[in-house]
Amino acid sequence: MPATIYVLNGPNLNLLGLREPEIYGDDTLDDIAGHLEDRARDLDLMIDMRQSNHEGHLVDWLHEAQANDAKAVLLNAGAFTHTSIALYDAIKAVKTPVIEVHLSNPHTREAFRHVSYVGRAAKGTVAGFGALSYLLALEAAARI
Ligand code: DQA
């Protein structure tokens, strides 16, 4: 059985493709899932891609990733990145490596995006490359 990489997406990312395309690009979340699945096949990995607008779902899925022995989690927590101590605690609580992912580069944007609770607990961060951020994070996950 190939190892599984969970790809968890937070609030408003269901609207990718429509949502502020000048910042987040034209790719939908389904497009990104397709690119990840293609690359995962070459790497002998499986992708489990999910999205929720609810913080607790992301916490539950981090726990589930560990329980199911996932190889790694790619986490784009959207705005919860900048607010969620619950996600910080969940990432700390699990042994599964978590890679923080962002389409945009939050450090070049509003000051409230410069704080990342996710980044304080994550193994590493890939940000600023649009949809490619996810693929770069998958390359990193494959090598952990
Ligand atoms: C984002 C950056 C966050 O600041 C924002 O709230 C998002 C998307 C990104 O992928 O660039 O929802 O995580």
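Please go through segment 24-38 and give me each residue that is outside any loop (DSSP other than H, G, I, E, B) and over 21 Å from ASP69 (Cβ atoms), ordered by number. Across segment 24-38, the qualifying residues are TYR24, LEU29, ASP30, ASP31, ILE32, ALA33, GLY34, HIS35, ASP38. Filtered by the rule that a residue be surrounded by 15 or more Cβ atoms within 10 Å (Cβ to Cβ) and outside any helix (DSSP H, G or I), segment 39-49 gives LEU43, LEU45, MET46, ILE47, ASP48, MET49.
Among the residues of segment 101-121, is there at least one that is of a type in the set (Val, Ile, Thr), open to solvent by less than 30 Å² (accessible area, probe 1.4 Å) and assigned to a helix (DSSP H, G or I)? Yes, there is a match, as at least one residue in segment 101-121 is of a type in the set (Val, Ile, Thr), open to solvent by less than 30 Å² (accessible area, probe 1.4 Å) and assigned to a helix (DSSP H, G or I). Here segment 65-100 is the region considered, the condition is being open to solvent by 40 Å² or more (accessible area, probe 1.4 Å) and part of a loop (DSSP other than H, G, I, E, B), and the residue that is farthest from the ligand (Cβ to nearest atom) is ASP69. Among the residues of segment 28-38, those that are over 16 Å from VAL73 (Cα atoms) and open to solvent by 30 Å² or more (accessible area, probe 1.4 Å) comprise THR28, ASP30, ASP31, HIS35, ASP38. ARG19: more than 15 Å from the ligand (Cβ to nearest atom) and open to solvent by 20 Å² or more (accessible area, probe 1.4 Å), yes or no? Against the criterion (more than 15 Å from the ligand (Cβ to nearest atom) and open to solvent by 20 Å² or more (accessible area, probe 1.4 Å)), ARG19 does not qualify. Would you be able to tell me the number of residues in segment 7-16 that are open to solvent by 70 Å² or more (accessible area, probe 1.4 Å) and either in contact with a Phe, Trp or Tyr (Cβ under 7 Å, 6 or more places away or on another chain) or among the small types (Gly, Ala, Ser) (or both)? Residues in segment 7-16 being open to solvent by 70 Å² or more (accessible area, probe 1.4 Å) and either in contact with a Phe, Trp or Tyr (Cβ under 7 Å, 6 or more places away or on another chain) or among the small types (Gly, Ala, Ser) (or both): 0 in total. Please find, within segment 132-144, the residue that is farthest from LYS92 (Cα to Cα) out of those that are buried (at least 20 other Cβ atoms within 10 Å of the Cβ) and among the small types (Gly, Ala, Ser). That would be SER133.
The values are calculated or read from the model by the stated rules, or taken from the named source; none is laboratory data. Since the structure is predicted, the reported quantities are computational estimates derived from the model, not experimental observations. In this analysis, Cβ positions are derived from the backbone assuming ideal geometry, glycine residues included, and neighbour counts consider all displayed protein chains. For accessibility, only protein heavy atoms count, side chains too; no ligands or nucleic acids. Shrake-Rupley method; radii C 1.70, N 1.55, O 1.52, S 1.80 Å.
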